Amino acid sequence: MSLYPVLWAVDHAPVKDAEERAILVALVIKGDFDGFNCFRSYKTLGEKARVDAKTAGRRCREMEARGILKRQEGHRSPVWEAIPQEQRPVCWEVMIPASWWSPEQLADINDQRANLGRAPLTRENRPALAPAPPKKVRTDKGVKRPKQAEQGDEDGGQSGDPGTTSPGGTPGTTSPHPRDLQSPPQGLVVPQPSETPSETPSENYRAVADAEGKTAGGCARAGESEGADEESGKDEGGCAASEPSTLPTQRTTSPRPATVKTRPRKESPGFEMVRAAIPTAVAAPGTRLFAGLHRAINDLLTGGPGIPRRTPEQVIARINRRWYGEHAETRAAADYRACDRCTASGCDAPRRSVEEPEGCDRIKNRNGWLAAAILAQDCPDPSCEDGQLIDGGSCRNCQARREETRAAAEAAAEALTRWEVDREAAGAAQVSLRLWEEKRAAEEATYRERLAWSGAWGGKLDHQVSQHMAGWLDRNPAPAAAAAARGGAR
């Protein structure tokens, strides 16, 4: 995480409301310093921004339409590539304008991008963004709210709401207690030692009832065991007891989210056999496997969408072909150097791939590399095991590709041979032409010098030299290749 993208998302991004801002901040906080490799599932974005997952996805697509987000095609993070393909979220590039950074900051960021093999940020690939769309105006803006008639005006100042009038009937705000001030407040929540309600009222409530049941006027609360009937208001001077009150229903569940207990990761039949055959350079015996490698082995053993089911022996053979056939142990060694950016602690150059054919082939994470390698399938047939089908027989697709490769190699070799022959023939023709030109020039110079010594000069000299050279050319014709070259030059 870098501070620059977060500051831009919080204070300068052209978002249209608080939801978009929260989603953008939750997305960019997990990205790179330049806005690359911002990926989170819509469910996670919804949880962080306190919105629904569908809302998070819709808002991301809206920001994509306005140019704030862009689907990233290249230079994806190894963490994103290690996620199973069917579970990978969209990898976004947050389009922070290049003009937002100062020249010094932009130069520093471009230096870091150059070290990672990325193109520099410019005003062309990071243009300025359009302002945020205007906020929707309420339809009732400017309309005066109608004045509501007070209830006291309708019933002559007597209101039935104890919360809006005083006990004497005068308008005003009073406590919601009933007029019998000797009764406890309605809706009293008695604290409980735990969240599970008890079958009987707590001892605390009984103590409160005992303390408040008998007042200074000698009136007893309903439910008292001593003197309640004698002082219940049978004569005019007594006070009438209220109805027995009941405790409010206590909640039975905690407001906190329930703890979800996950089951241990299941292992397919034959998994232990495959686990024992994994190279020790990847995982030492008795240790837990990397989650991605564990999942990849289970996918091969159980099968799934686009992955046929394989036996443990076939999975072991596939692992050995990938690990030993591609010299993975040598490429994963600490002293292996495949480029000028490899060090003892690792390599920050782009990995070699289809998009980066000139990248570094050093293996940085053995587990992640092996998990991706055993799931990789270059043949269109998913049941192909490097030329052999898992149910027996040769793969026709691989045979056809081998035939095409062989035919292309033969055609290239034949073309190279023809080019070599033509190059040698052209060289020999050039040598013959050069020798013939030297011989012709020597003959012309010798005859011209001889005529000059005899006293010929001017046009007569040139005429006699041309007549002599015409006869010499008939006796000494130019080579065929030289004649064709001279004819083409003319």
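The values are calculated or read from the model by the stated rules, or taken from the named source; none is laboratory data. Given the structure is predicted, the values throughout are model-derived calculations rather than measurements. Counting neighbours? That spans all protein chains shown, and the Cβs are built from the backbone with ideal geometry, glycine included. Surface areas here come from the heavy atoms of the whole protein model, side chains and all, with no ligands, DNA or RNA. Shrake-Rupley method; radii C 1.70, N 1.55, O 1.52, S 1.80 Å.
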Legend entry - Tensor-based shape of the range 1-93 (alpha-carbon gyration tensor, a/c under 1.5 rounded, otherwise prolate or oblate): oblate
Inset, instruction - Please label the shape of the range 342-434 as rounded, prolate or oblate, based on the square roots a ≥ b ≥ c of the eigenvalues of the alpha-carbon gyration tensor (a/c under 1.5 means rounded; beyond that, a/b larger than b/c means prolate, else oblate). - result: oblate
Legend entry - Given 16/147; 43/70; 48/70; 48/364; 48/135, the pairs whose alpha carbons are separated by over 26 Å: 16/147; 48/364
Legend entry - Contour excess over end-to-end distance, with Cα ends at residue 354 and residue 381 and 0.36 nm allotted per residue: 7.8 nm
Legend entry - Rounded Å value of the spacing that divides the Cα centres of the range 444-466 and the range 1-40: 90 Å
Inset, instruction - Using a 1.4 angstrom probe on heavy atoms only, work out the carbon and sulfur share of the accessible area of the range 342-451 in %. - result: 53 percent
Legend entry - Inter-label distance for residue 472 and residue 302, nm, one decimal - labels placed 7 Å from Cα along Cα-to-Cβ: 9.4 nm
Legend entry - Accessible area of the range 79-141 belonging to carbon and sulfur atoms, whole % at 1.4 Å probe: 54 percent
Inset, instruction - Keeping all protein chains in position, work out how much accessible area residue 17 exposes to a 1.4 Å probe, and write it in Å² to the nearest 10. - result: 50 Å²
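Roughly speaking, what is the stretch gain from residue 11 to residue 140, that is 0.36 nm per residue apart minus the C-alpha to C-alpha distance, in nm to one decimal?
Numbers: separation 129, 0.36 × 129 = 46.44 nm, distance 3.02 nm.
That works out to 43.4 nm of additional length.
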Legend entry - Solvent accessible area, Å² - residue 447, 1.4 Å probe, full protein context: 50 Å²
